[in-house]
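Colleague: Pasting a structure here, questions to come.
The values are calculated or read from the model by the stated rules, or taken from the named source; none is laboratory data. Please read these numbers as outputs of a predicted model, since none were measured by experiment. Note that each Cβ is placed from the backbone with ideal geometry, even for glycine, and that neighbours are counted across all protein chains shown. When the accessible area is computed, the model is the full protein with side chains, heavy atoms only, and any ligands, DNA or RNA have been set aside. Shrake-Rupley method; radii C 1.70, N 1.55, O 1.52, S 1.80 Å.
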Amino acid sequence: MGQEGTVVLRLAIGALGQLMDVDVVSSAGVTLDQAAIRAIRASTFHPATRQGRPVDSLALLPIRFKLKE
């Protein structure tokens, strides 16, 4: 049987849009946590801006894993 659940990650994104750090804030089990982290590490990001200038930022990202019926 497959697994379902939601993993919440905290992302630290640099002013150049690079992923600086990722932490699991809410776990759905080791397998889903690792899958979420792999997916995020393969992603690209745009930096946050403040007064038109790119800045470092933190973001919470929920990732839902749901099986198709």
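Colleague: Within region 13-25, can one find any residue that is among the small types (Gly, Ala, Ser) and not in a loop (DSSP other than H, G, I, E, B)?
Modeller: No, because not a single residue in region 13-25 is among the small types (Gly, Ala, Ser) and not in a loop (DSSP other than H, G, I, E, B).
Colleague: Follow-up. Please go through region 28-69 and pick out each residue that is acidic (Asp, Glu) and open to solvent by 100 Å² or more (accessible area, probe 1.4 Å).
Modeller: Selection gives 69 alone.
Colleague: Another question, if that's okay. Within the set of pairs 6+ apart or on separate chains, which have a first residue in region 1-15 that is more than 11 Å from residue 33 (Cα to Cα), a second that is polar (S, T, N, Q) and surrounded by 14 or more Cβ atoms within 10 Å (Cβ to Cβ), and C-beta atoms under 9 Å apart?
Modeller: Sorted first by the residue in region 1-15, then by its partner, the pairs are 11/57; 12/57; 13/57; 14/57; 15/57.
Colleague: Something else: Out of all the residues in region 55-67, is one or more free of Cβ contacts under 8 Å to residues at least 40 places away in the same chain and not β-branched (Val, Ile, Thr)?
Modeller: No, region 55-67 has no match at all.
Colleague: Looking only at region 1-19, how many residues end up being loosely packed, with under 14 Cβ neighbours inside 10 Å and closer than 21 Å to residue 69 by Cα?
Modeller: 4
Colleague: Just one of the numbered conditions (1) in contact (Cβ under 8 Å) with a residue 40 or more places away in the chain; (2) not in a strand (DSSP E or B) is not true of residue 33; which one?
Modeller: Condition not satisfied by residue 33: (1).
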